[in-house]
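Asks: Let me begin by handing over the structure; questions about it come next.
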């Protein structure tokens with residue numbers, strides 16, 4: 001028999017999981033338990049702190065080895081990675097790109113940087129990410145596919161790509177999504193910014209897209225201070241990624257020639273040194289975070305109307321940020337729960353504002369977003385650092 | 001009586017200045033002689049390696065104190081700083097921006113990112129940077145100024161801004177350039193990527209522009225691995241810079257609202273920690289680099305047809321990269337000198353390819369570029385690390 005829903009009951013359950021005697025528990029803090037100092041010091045001692053140093057290559061190899069995706073190109077952050085990833089997949093100005101309405105603004109901004117237009121898609125309640133079935137029905141209705149690609153019959157613009165984002169670490173249902181992308185001739189680019197350490201059908205997230213991206217921002221499961229990576233199995237695309245992120249400079253002993261518009265996006269060596277040490281600990285971080293999720297689930301199982309979101313049967317999630325999902329009857333209590341927990345030093349956070357509710361994205365095309373709008377009202381992120 | 005011009009005489013003179021018994025002398029290496037390790041370790045110990053940490057604020061204050069420019073906003077690199085700086089100065093898509101033809105490609109690329117068009121200007125032999133007198137004559141001829149601003153009569157586009165770049169650390173002749181900008185209603189944005197530590201009429205480079213930028217790439221006088229800063233005396237613009245570089249997120253305890261298209265451009269704390277230690281040593285770096293320039297000058301003074309470029313009377317240069325300037329009669333020897341010195345382990349480099357010679361900038365508007373073209377053929381950069 002469950003306890004009746006109350007904010008105090010929820011806070012009490014969280015306190016049972018979280019360490020006692022701490023004034024403030026942040027949402028996500030990094031853990032530097034490994035070779036962080038050694039590698040960063042070695043990097044400083046070598047004098048090579050910038051992009052020329054060899055930790056960048058080591059970090060990229062560690063990413064490739066762990067994910068099973070052949071090539072990694074380390075860059076300054078996940079936003080930069082997605083900006084380039086979209087270019088590599090052939091997205092150009094005036095194209096539409098399908099992205100979830102429920103995502104961090106960087107996904108939409110990266111689409112905008114190149115002059116493309118975000119086209120917002122609904123989420124699945126089972127994964128918190130893009131809903132392949134609903135997307136299929138929607139495209140059936142609005143899209144026309146011909147030799148030139150997929151076109152939005154309403155706007156007349158080409159729909160070039162779909163960018164699933166693995167929300168809070170939980171893998172999107174990729175198998176049917178790959179099928180939808182094939183059917184409508186859409187490039188698939190995975191935004192795996194939050195899902196390093198998450199697998200779907202035994203393969204790492206990011207393995208399905210022609211290009212995928214990772215993020216190593218300070219709040220991610222593995223951090224380089226700020227950082228990201230472009231991931232791909234295509235050697236040629238990886239070469240292009242390296243070229244575009246180093247100002248498109250052609251190799252020469254001394255001459256400066258640049259054959260297209262390039263970017264200053266490569267990751268500095270000192271950040272990669274930190275990343276190498278962090279990657280060594282990733283399996284342990286994943287193990288701890290999965291254990292934390294199980295403890296949250298157990299503690300909250302006793303309370304009516306609040307549950308911890310768990311991975312689907314095909315997924316093995318990194319549980320980057322744990323999700324407390326309020327029952328629909330209690331979604332009006334979300335802000336009260338946020339206010340109470342934050343005032344008591346337990347940092348919690350709602351999901352992001354739906355993209356089409358931001359003034360800059362108000363006029364972008366979208367499908368019906370019922371599930372995303374519903375989830376947005378009910379999600380509360382819980383403290384999820386690996387050391388908890 | 002000078003020695004006759006010969007490549008071997010030049011190499012010999014360089015060897016007299018450079019440390020003996022070194023197989024390879026790079027163009028520019030950082031020096032980590034100060035608190036680098038202490039600060040980076042403190043940063044790792046605190047757990048705050050990302051943009052939330054307090055070294056970012058300290059680094060910004062050190063930059064403001066040293067340059068005398070009131071506000072500094074630390075970002076991921078100089079290219080990102082210029083991209084945002086142009087936006088802050090009101091440059092929009094379709095505007096033309098006057099930049100030197102003789103510059104690193106990042107200056108032109110930053111203009112392009114926002115959809116503006118580089119308009120190339122000639123250099124002065126006395127500073128290696130924009131020639132204010134020639135620019136004035138040119139604008140007299142091609143520009144029309146009205147209440148809406150300055151317009152290129154040929155293209156019909158607005159010329160919104162001028163971006164002088166302080167080449168290899170040598171300040172542009174700013175006093176007449178400020179006058180030209182006033183006369184033609186151009187915003188002035190200084191690209192001081194290479195000139196941290198360089199002063200003009202006693203004020204730090206970057207003090208004249210409404211917005212200016214710095215770079216802390218691995219080859220710069222002060223490095224943060226990769227980094228840059230937006231500098232301005234305008235508090236409101238500094239606030240906008242902070243906002244635009246953090247995804248334009250509006251402050252709130254937990255809600256995600258973004259009021260315009262923003263960027264993920266802030267400098268991570270670990271890079272700022274490195275920068276704080278480097279800034280403490282900047283006066284010493286400048287002193288050493290000025291002494292190195294004097295030694296180069298003396299050594300090469302004995303050889304006919306080759307001289308070391310020295311600061312103008314109004315400038316006090318950081319001599320970021322020393323410039324060996326070949327006499328016009330010997331410009332055909334530049335590539336031979338590059339080949340010989342590099343093959344002997346003394347790293348040298350030519351100036352950048354003129355921007356309008358790159359395919360991407362071939363069709364951009366330009367004035368006559370005689371001096372820039374001439375300088376480009378005669379410049380050879382010499383090893384310039386502070387420890388030399």
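The values are calculated or read from the model by the stated rules, or taken from the named source; none is laboratory data. Owing to the predicted nature of the structure, the values given are computational and were not obtained by experimental measurement. So basically every Cβ, Gly included, is an ideal-geometry build from the backbone, and we count neighbours across all protein chains shown.
Asks: Hey, among the residues in segment A:255-265 that are in a loop (DSSP other than H, G, I, E, B) and more than 21 Å from the chain's Cα centre (by Cα), which one's surrounded by the fewest Cβ atoms within 10 Å (Cβ to Cβ)?
Replies: Checking each candidate, the answer is A:259.
Asks: I would also like to ask the following. Pairs needed: first member in segment B:300-315, within 16 Å of residue B:205 (Cβ to Cβ); second member anywhere, surrounded by fewer than 20 Cβ atoms within 10 Å (Cβ to Cβ); C-beta distance under 8 Å; at least 6 residues apart or different chains.
Replies: Listed by first residue and then by second, the contacts come to B:312/B:126; B:314/B:175; B:314/B:201.
Asks: Another question, then. Any idea which of (1) within 14 Å of another protein chain (Cβ to nearest Cβ); (2) at positive phi is the one residue B:269 doesn't satisfy?
Replies: Condition not satisfied by residue B:269: (2).
Asks: Just one of A:368, A:374, A:335 is closer than 23 Å to residue A:105 by Cα, assigned to a loop (DSSP other than H, G, I, E, B) and not assigned by TED's automatic domain parsing to the domain that holds residue A:131; which is it?
Replies: A:368
Asks: Here's another thing I want to ask about it. I'm told residue A:250 meets every condition in (1) away from chain B (no Cβ under 14 Å); (2) surrounded by fewer than 24 Cβ atoms within 10 Å (Cβ to Cβ) except one. Can you identify the failing condition by its number?
Replies: Residue A:250 satisfies every listed condition except (1).
Asks: While we're here: In this structure, does residue B:355 turn out to be crowded, with 20+ Cβ neighbours inside 10 Å, under 28 Å from residue B:61 (Cβ atoms) and under 24 Å from the mean Cα position of the chain (by Cα)?
Replies: So residue B:355 fails the test.
Asks: From the residues in segment B:338-361 that are assigned to a loop (DSSP other than H, G, I, E, B) and touching a helix residue (DSSP H, G or I) at 6+ places or on another chain (Cβ under 6 Å), which one is farthest from residue B:28 (Cα to Cα)?
Replies: In this case the residue turns out to be B:354.
Asks: Okay, next question. Which one of these is within 12 Å of chain A (Cβ to nearest Cβ), surrounded by 19 or more Cβ atoms within 10 Å (Cβ to Cβ), touching a strand residue (DSSP E or B) at 6+ places or on another chain (Cβ under 6 Å) and touching a residue at least 12 places away in the same chain (Cβ under 8 Å): B:380, B:323?
Replies: B:380
Asks: Mind counting the residues in segment A:202-247 that are surrounded by fewer than 24 Cβ atoms within 10 Å (Cβ to Cβ), within 14 Å of chain B (Cβ to nearest Cβ) and not in a loop (DSSP other than H, G, I, E, B)?
Replies: Residues meeting the conditions: 3.
Asks: Exactly one of these conditions fails for residue A:78: (1) crowded, with 22+ Cβ neighbours inside 10 Å; (2) touching a strand residue (DSSP E or B) at 6+ places or on another chain (Cβ under 7 Å); (3) farther than 15 Å from residue A:163 by Cα. Give me its number.
Replies: (3)
Asks: So, one more: What helices (runs of 4 or more DSSP H), lying completely within segment B:37-155, carry at least 1 residues that are more than 14 Å from chain A (Cβ to nearest Cβ)?
Replies: B:55-67, B:78-88, B:132-142
Asks: Let me ask another. Does segment B:266-289 contain any residue that is over 30 Å from residue A:75 (Cβ atoms) and in a loop (DSSP other than H, G, I, E, B)?
Replies: No, because not a single residue in segment B:266-289 is over 30 Å from residue A:75 (Cβ atoms) and in a loop (DSSP other than H, G, I, E, B).
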